[in-house]
Amino acid sequence: MWHLWRNLCYAIRILGKNPGFATVAILSLALGIGANVAIFTLINALLLRDLPVPHPERLVELSVVRHGDKIQFSYPMFRELERGQRGFSGLVGWSESTMPNVEVSGVFGLSNVLGAAGNYYSVLGAAPLLGRLLTLEDVNPRSGSTSQVAVIGYTFWQQRFGGAPDVIGKQVRVEGQPFTIVGVTRKWFTGITPGEPPDVTIPITTLPALHGTFNLEERSVLWLRITGQLRDGVTIDQARAQLQSFWPEVLRATASTQTPGLRRQTFLSMGLDVSPVRTGFARDLRSQFSRPLYVLAGIVGLILVVACVNLANLMLARAAARRREMSVRVAIGASRWALAGQVLTESLVLSLSGALLGLALSYWGSRLLVAFMTEGTVSLDLRPDLRVLAIALLVGVFTGILFGLAPTWHSSRQDPAIVLQQGSRSLAGGASKLGKALIITQVALSLVLLLGAGLLVRTFQELRSLDLGFEKDNLLEMIPHAKPGHQNLDTNSYHRQIIERISNMPGVRSVGLADISIPDPQPWRETASPISEDPNTGARILASGVTIWPGFFKTIGIRLIAGRDFEVADDEHHPHIAIVSRSFAERLFVNGDPIGRRIRFGFMPQFQDLEIVGVADDARILDLREAAPPVVYLSYLQYAQPVPWGDLYVRTARDPQTLAKTIGQEIDSLGHEYLLRSATVDQMVSRVLVNERVIALLSGFFAALALLLASIGLYGLMSYGVTRRTREIGVRVALGAQQGSIRWMILRETLALALFGIAVGIPSGLAASRLIGSMLFGLTPSDFFTTATACLLLLAVAFFAGYLPARKASAIDPILALRTE
């Protein structure tokens with residue numbers, strides 16, 4: 001322990017005498033370690049961290065299995081399972097969060113509303129910040145005493161009530177229904193859904209009246225999720241076996257029909273799945289962000305390796321410069337292992353200092369990254385826990401050992417007698433073989449990063465510069481949302497009125513309406529087939545459905561290539577019609593004119609006999625990566641709507657942003673909707689590409705950092721080589737060598753190292769690029785232009801990194817060089 005303390009004090013003193021080197025080393029390590037810890041913090045919060053509840057290992061998720069897919073339960077099924085189960089201390093029924101209108105003090109907004117059973121909070125072991133939480137007495141549909149109470153989340157309380165301590169007893173109105181606030185949850189409580197905590201939690205038995213679309217006892221509606229907490233001493237296998245023993249009885253007791261046939265047979269054949277859910281339920285969130293996070297983890301891992309290799313080279317140069325000091329210490333009795341321990345201690349001091357600073361950077365970096373990737377729609381607990389702190393410590397120790405191995409090995413192999421005999425004479429020879437190998441490795445890794453970053457940046461550029469198939473300039477998208485209370489509203493008349501009002505506003509050229517946002521990566525999809533064919537054997541394709549108002553194509557700028565557009569007269573009293581996209585027509589009607597043909601679309605009765613009256617050109621209004629999606633356009637006027645819905649598209653003659661506020665006031669003045677959000681279509685495209693933009697931005701930044709480190713490494717190596725070869729260069733100049741030849745000698749060695757690194761890096765980079773092949777668009781992993789650009793950029797950096805040492809070498813005075821002997 002005494003030797004360790006002495007080595008530590010000496011390392012700090014030595015590094016303090018060279019603050020420039022220590023600062024560069026610590027900052028480069030802080031960037032590399034901080035980036036890795038920041039990405040791991042996100043992965044930990046989203047994928048690895050247990051729910052912050054007592055005994056999360058006891059939590060399990062129950063699912064119905066139908067045709068291999070996991071689906072949800074009906075409320076009668078939940079009651080039967082709850083009655084018959086013996087392995088759980090509690091089964092919790094809850095609905096996935098919806099986004100209804102929530103009114104606070106007359107101000108509307110969309111919020112996450114969760115319906116939960118009365119034991120939701122007790123099973124999760126939650127305690128309130130203010131008031132109380134839901135209890136079994138709040139949820140009792142049998143006696144008709146369901147309470148209109150609500151528990152609000154901490155963030156909702158802060159944003160909508162300003163953190164007022166007297167919030168208990170106040171009301172929120174959910175879709176017009178009043179709920180009395182009885183409690184506020186603690187700050188980091190997320191329920192069972194990490195990343196998307198509920199804003200308002202209400203008794204699950206109030207949901208049918210809230211939505212008015214189904215009855216609580218409806219057996220055919222599978223909408224309820226079930227989470228259970230295992231009893232003490234009960235394993236998940238035992239609980240699963242006990243549930244399976246009476247699962248067939250549950251199905252028979254809750255079948256949606258008693259009529260024999262395929263429907264009942266399919267229902268009775270459904271299975272039951274019981275799986276651990278200790279990390280919570282967030283499938284959509286995890287599927288959306290897991291791949292980008294893993295790609296970023298690979299990028300920042302490589303940049304840390306590049307930083308380590310660079311520091312290993314710098315430490316090797318310092319070790320060579322301290323050869324005489326080390327040899328003297330050996331000569332007076334120090335062991336080689338003691339010297340190696342001293343060098344390794346210096347490396348660990350640098351790496352742990354970098355890890356400490358990197359941990360601070362990761363705290364801010366992880367929050368900034370979440371804000372970029374989610375635009376504030378996701379709330380993750382990013383506080384560092386023991387796992388994050390352990391990773392920071394392990395990465396710090398590992399990097400210290402990694403870049404300290406080379407100088408440690410170098411110091412342990414020196415012969416002190418030879419070094420001391422050389423005295424103060426300059427050392428002949430260029431850079432060491434180990435130093436050259438490290439530089440080649442650094443260049444190769446930098447090329448791998450450059451290739452990956454180049455492909456990701458170009459993918460983002462390709463997506464941003466796509467021809468969407470319509471004119472997106474001066475096109476404003478307005479996203480209104482219906483206010484509560486539309487029992488007697490004629491939505492078709494209302495939309496005629498709002499479209500007419502907006503169309504007559506100065507600066508507005510045309511107005512359209514559709515049930516999608518442009519772009520919409522997750523549209524409504526159904527199977528389409530010609531009506532004349534056998535539905536089981538005829539031609540079928542998967543197509544997207546888009547419901548539009550007459551004039552949509554004109555407003556968006558999609559060209560009709562055959563047939564006609566929808567008209568105002570095409571209402572629910574006329575035969576149902578459709579317009580299809582060019583790709584739909586070409587794929588379903590290969591050898592015939594689609595106009596006048598009839599198709600089925602999906603399984604709903606109103607879409608079983610659609611006459612095609614027009615063909616529209618293909619456009620990227622859905623998934624940007626799909627150039628020609630098969631689309632069936634339906635007329636909004638032919639299908640009665642219970643509430644107003646759909647996005648308004650406004651083509652303007654000037655900057656659309658200047659009209660957004662006025663149009664929003666016009667929508668609000670009619671009293672049926674309020675403006676939720678407005679943006680240009682170009683801004684909507686940017687929002688859809690937020691992951692691609694973040695990955696391109698960060699990969700480009702770290703590739704630039706890798707280039708900088710590579711240039712520093714090359715410059716340091718060649719400068720050190722010039723210093724070692726001062727006598728040799730002086731002799732060459734004395735014998736008549738020209739300055740140009742001296743410069744070329746140094747540059748040639750620099751470029752040779754870079755070319756060796758490129759030769760190693762190209763196959764490595766091409767192999768690594770295939771790992772991100774599914775994320776590319778318009779490019780292949782072996783794209784020649786990107787590969788050539790990365791190689792030329794590395795050569796240019798190598799040239800400039802070698803030019804300064806070359807110029808220094810060519811300016812050496814031979815008399816001064818030889819006088820040092």
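The values are calculated or read from the model by the stated rules, or taken from the named source; none is laboratory data. Here the structure is a predicted model, which means the values were calculated and not measured. Counting neighbours? That spans all protein chains shown, and the Cβs are built from the backbone with ideal geometry, glycine included. Protein only, heavy atoms only, side chains kept; ligands, DNA and RNA dropped before computing areas. Shrake-Rupley method; radii C 1.70, N 1.55, O 1.52, S 1.80 Å.
A compact table of results
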| item | result |
| --- | --- |
| Candidate lysines - alpha carbon under 17 Å from residue 472, same-chain residues fewer than 8 apart omitted | 554 |
| Mean separation of Cα contacts under 8 Å, 6 or more apart, over the residue count of the chain: relative contact order % | 16 percent |
| Table column - 3J(HN,Hα) (Hz), region 796-808, Karplus curve with 6.51, -1.76, 1.60, x for Gly and Pro | 4, 5, 4, 4, 5, 5, x, 5, 5, x, 5, 5, 4 |
| Area accessible to solvent at residue 308, 1.4 Å probe radius, in Å² | 0 Å² |
| Cα-based reach from residue 436 at 28 Å (exclusive), listing lysines while leaving out same-chain residues under 8 positions away | 17, 808 |
| Calculated FRET efficiency for the pair residue 23/residue 789, C-beta based, R₀ 45 Å, to 0.05 | 0.90 |
| Hull volume in cubic angstrom per residue (convex hull over the Cα atoms of region 193-253) | 143 Å³ |
| Loop-resident sites, region 582-666, for chymotrypsin sites (Phe, Trp or Tyr not before Pro), counting at most 13 other Cβ within 10 Å (DSSP) | 603 |
| DSSP-defined beta bridges in region 74-202 - what % are antiparallel, rounded to 5 | 70 percent |
| Theoretical gain in end-to-end length, residue 504 to residue 690 [0.36 nm per residue, Cα-Cα removed] | 63.5 nm |
| Carbon plus sulfur fraction of accessible area for the chain, probe 1.4 Å, in percent | 58 percent |
| Residue 682 accessible area, 1.4 Å probe, all protein chains in place, Å² to nearest 10 | 50 Å² |
| Residue 483 - accessible surface, heavy atoms, 1.4 Å probe, Å² rounded to 10 | 40 Å² |
| Inter-probe distance in nm under a simple model that places probes 7 Å from Cα toward Cβ, at residue 372 and residue 764 | 2.5 nm |
| Pairwise FRET efficiency - residue 433 versus residue 744, Cβ, R0 = 25 Å, nearest 0.05 | 0.65 |
| Two-site label geometry, residue 603 and residue 66: point separation in nm, points 7 Å out along Cα→Cβ | 0.8 nm |
| Residue-averaged 222 nm ellipticity for the chain, from DSSP H runs of 4+ at -39500 (n - 2.57), nearest 500 | -16500 deg cm²/dmol |
| Cα-projected label distance for residue 158 with residue 611, points at 7 Å along beta-carbon direction, nm | 6.0 nm |
| Extension gain, residue 665 back to residue 623 (0.36 nm per residue minus Cα-Cα distance, nm) | 12.0 nm |
| Within straight-line cross-link reach of residue 483, aspartates and glutamates at Cα separation under 18 Å, skipping those fewer than 8 residues along the same chain | 103, 175, 515, 647, 666, 668, 673 |
| Contour minus Cα-Cα distance for residue 386 and residue 571 (0.36 nm per residue) | 60.3 nm |
